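What follows draws every value from the coordinates through simple rules; no lab data is involved. Just so you know, these numbers come straight off a predicted model, no measurement behind them. Glycine also receives a Cβ, built like all others from the backbone with ideal geometry; neighbour counts cover every protein chain displayed.
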Amino acid sequence: MKYRQKTILTGALIVLVLIMGVPFTAATYNFSNGPGENDILVATAFTNETKTYGTLEQISNAPDGDFTFSELPDGEYKLYFSYWIPEMTGWGVGDTTVTIENGETLENLLFNGTLLYGDNDSYLWPQAEALYDSIVNGTVIPVSGSGSISGTAGFFDSSDTATDYMKFARGAAIGLWKVQEEEEEENVLPVANFSSNVTAGNPPLTVQFTDNSTGANSWSWDLNGDGIEDSNETNPKFTYTETGTYNVSLTVSNTGGSDTETKSDYIYLCNPLFQPGENDILVAKGVTNATKTYGSFENILSSSDGDFAFSDLPDGEYEIYFSYWIPIMASWGVGKLPVTIEDGQAVEGLLFNGSTLSNDDCSFMWPQAETLKDKIDNGTVTPVSGSGSISGTAGYFNSTGAPSAYMYFARNASIGLWKVAEEKEEETEVNVSLASSTFLGGNGDESITNGNKVSVANDGTVYVIGSTDSTDIPVTTGVYQTSLAGSTDLFIARYNSDMSELLACTYFGGTGSETRGCIKIGFDGSVYVHGSTTSSDLPATGSYSTMQSGTNTFVAKFDSSLSSLQACTNMGGLGHDYAYAINVLDDEIYITGSTKSVVMATAGAYQTSYDFDSEDIFVAKLNNSLGVIAYTYLGSDDDEVGVDIEFGSDGTVYLLADVKDNGMATTGAYDDTSNGNYDTFVANFDSSLSTLLAGTYFGGGEDERSNDLEVGSDGCIYISGRTKSGVLATSGAFETEISNTSTWEGYVAKFDSSLETLYACTYFGGNDNDYLSSVVVADDNVFITGYTESIDIPTTTSGTNSGDNDAFVSWLNDDLSTLLYSTYYGGSDSETAHGSVITETGNLLLCGQTGSVDLPVENAVDDSFNGSSDLFVSRWRVLDESEPKLFFSPEDTTLIDGQTTEIAIKVSSLPDGLSGYELTVNIADSAIAQIVDITYPEWSTITDNSSLPGSSVYLKTVDLERDVQVDATGVILATLTVEGKKAGNTNISLDVSKLESDDGNEINAIVETGTLEVTMMPIPGETASPRDLDGDGLYEDLTGDGACGFVDVEAFFYQMDWIEENMPSKVDYNGNGRVDFDDVVSLFDMV
């Protein structure tokens, strides 16, 4: 039988597929309704698998045998049978009527012909299957196979016997039913009744109702208790959207009448689940005992039981959550009420009142309550079943800061008090992509080391520097040096803003070796280079014109096209000197590194002496002609290295260094003691390098090496490097534990501007060596780049470390607690990364070294690996604006009274190109500054502007040749020459009349305002402008070094005539209306 059923089922499925999937056209078949509901089965048969004739089994008598009609009462019978239909390749159901009188059957033809047609047959597998189920109690299913019905298969004659057995296809089923007479319907009244799949939940709640009525033929549902019919379906669905209890009524009807069933408070909706916030803190908890006595709070702050005192809690918003029994539901719910604590007392407020809680203050269903209890009781306490309610005023907090009574709950209720955490700022949307990447190199080795390896000019062009021994790097026509001069030269490359074109590339070096190159672009487009050299013939035109023996450092200045060397000076002495970093502030250049050279310091510098037999830090300041303004050592009797240099908004100089010495920190510093072999050291100098304003160590018991320093827009100091110490991270940081103390791991730290407070520090790395090379801060985002040997650094992408070393690009939030994005970047060999910068258009530029021929490149100027090792330069979209941005570059400009400076008007991105614009530039205070000239870019074919000079100037131009490409970024619209007229501060803004794309559509751009600060002309003999340090309108810092000191008193005394002529109101300290010696004394008193 099992074999038969399996075989038959297979055929049935085939039949079903064929019937459902193949259209039939040969014949039309009726549908069989099957036996009537009250018809009685009196005989069954089933043909065997060999197609022999079947017999009727007499089920009124147990023995098998031929069926005789004499045993049947008179009446109408129906014979049903299954049969194979070859034309349909499926089973059909045939039927014929048999009339029996006096134990005899009236002669009736059963069927005839090869196939049945017309009134006596039906088809389709589901109907046939229903018949078989009726015949053989759901166990017999016809087998698959072919067969046909031919000839007169059988009929009943007047002798009450069959003239022949009935012939069917194999596996056919046969059944004979007694047809029951229909009874007249009685007029019985219906009885209404119903049920539903749920009766309670949180809105929106969809409920499926089921009619359980009897005798009904029509239905009317009122599902929300408002007296209005909501549905006339038999089994309707209804969605409840508001909290509350709902009555449900069903009225059913038939010809005899109607009946109504109403269930009061049948549907119960509470608020969605109440739960403490993810960052809320549990400060007190309690559980009422099983005998329903009053409960109490457990003061977990002091770990002692007893009444809870709010004096132990800081001010803020709290929420109390509690489980309670809901009699209507015979289930547990969760209640929530707020508590405000001020000055150690709870603001008076009702906790709860009434026989049950209102829907506004509760949520329900045991699973949610259990989740709450898990939070309160660590998953150990479960309420017992039983009834209970809350009546009366259960408890409230009064002005004394203590509960007036214990809170009364059902037995085993759980209570918890949570401190509500302040909402965090919305997470930054992260959308990072590799926009472009290119190889850069020749037939030899290209390399870079730590330092400033990539820099962006105001016009958006990108400069990269490295070292090379290749003879065929892609130098361009007209550059300063077109061939390799020594064993290793520096080379400088310049790309356009989207890095789709190499604009210039030059060698720079002498007959020796040039390495450790770093680069920075001045506001005027000048290119400043700091490096190390062993060449005695490197061109030198500056303060120290002669290159010394050994390894020296140098500073060189090129024009923006790299075609002209404008100045070059040696910055080394008789010892070894190594370049590490360069930066530019206004027209002054700062460099740092390490030195073993003596007598380099300038008079008045912070440290003028060099400690022999060890490396000291040097920091130097040069003017834009590369004349030395100041030079200071930093260090004592051990090795120190200056690593990076940046500027505060006040013009002070921040230095990052690696040191071994103690005694370098200042009073109040975050850490005034060196901790391990090498520590990181962060220092803050005044702009003249004469005063160490602040200095702190940073490190643990092992080694640290620093790499990069960044000053955020809020003045905070960010540093990056690597460490083997396991005690640096702060609580709440992204990674608080070092992965492996036997290898290097990256770190990022954030200090306040005074270097007294460490705000945050996180590790970053895996189980192998990790080198965090650079940190860049933009729009409260922290980008870190470097390279790693680890295969398990934290990433948010699916990539893995595919070589010996891979570079990585990662993105943290401002407090270093969350990793927003992180990815490996590399090929099958080795990559290192040593410099990155964020452009004004929100692109991260990354420069590094690669040995991989399969490094992923995108939109590359050079997509082929060239030699033993190449540089790579990649551009990552990280902070692209959703809309173009119009802005001034620089955004904040400082200039000297009577002198001029240039300010560019730029647009961040142009997705659809640019056809032209019409703008008006406004300087808010015309007495402070004015626009004296306008320079338009080369693509501006036709230009127009209002007369100059002026403080409100109209500009108009068109790009007829469509030189500005679709998707261009960092496009300069015009460059303004602005002149300072008198000291003061004002805004510079833009009004946009028209800004149109290539298709003529208006470009909706975000317009940003800039600032102008006009400072006094420097006092004769000084290089910096006087400053008003406290904003009272009087200038105490006459030398412009960022502090009020004795040098300012001296300057006042010796330059009194000039000061009286040029800035009398700015130095009238005693308020007598004139400049005299009394003012000198007043300034002396301020020091």
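For region 885-1015, give the magnitude of the charge dipole about the Cα centre (Cβ charges: +1 Lys/Arg, -1 Asp/Glu; no others), in debye to the nearest 20.
400 debye
By its C-alpha gyration tensor, with a ≥ b ≥ c as the square roots of the eigenvalues, how is region 194-269 shaped: rounded for a/c under 1.5, else prolate for a/b larger than b/c, else oblate?
Cα axes put region 194-269 in the prolate bin.
Among Phe764, Phe1053, Phe783, Phe808, which comes first, second and so on when ranked by fewest other beta-carbon atoms within 10 Å?
Phe1053, Phe783, Phe764, Phe808
Once a ≥ b ≥ c are taken as the square roots of the eigenvalues of the Cα gyration tensor of region 1026-1087, is the result rounded (a/c under 1.5), prolate (a/b larger than b/c) or oblate (a/b not larger than b/c)?
It comes out rounded by the Cα gyration axes.
So if I place +1 on the C-beta of Lys and Arg and -1 on the C-beta of Asp and Glu, and nothing else carries charge, what would the dipole magnitude of region 933-1087 be about its Cα centre? I want it in debye, nearest 20.
For this selection, approximately 360 debye.
For region 647-703 and region 713-735, compute the distance between their C-alpha centroids and round to whole Å.
When both Cα centres are located, 15 Å separates them.
Could you list, in their original order, any pairs among Lys621/Lys724; Lys956/Lys1066; Lys956/Lys981 whose Cα atoms are separated by more than 30 Å?
Lys621/Lys724; Lys956/Lys1066
Sort 733-743, 850-860 by packing, meaning the average of other beta carbons within 10 Å per residue, with the highest value first.
Going by the mean number of other Cβ atoms within 10 Å, highest first, we get 850-860, 733-743.
Using 22 Å as the Cα-Cα cut-off, could you pick out the over-long pairs in Lys596/Lys660; Lys453/Lys557; Lys885/Lys994; Lys906/Lys982; Lys557/Lys885?
Violating the 22 Å Cα-Cα cut-off are Lys906/Lys982; Lys557/Lys885.
Name the residues whose placed amide hydrogens come within less than 5 Å of the amide hydrogen of Asp1037, ignoring near sequence neighbours (fewer than 5 apart) on the same chain.
Here Arg1027, Leu1029 satisfy the definition.
Consider just the alpha-carbon atoms of region 885-1015 and return their Rg together with their Dmax, both in angstrom.
My reading of the Cα-based Rg and Dmax gives 14.5, 45 Å.
Relative contact order, percent, of region 632-757 when contacts are C-alpha pairs under 8 Å separated by at least 6 residues?
For region 632-757, the relative contact order is 21 percent.
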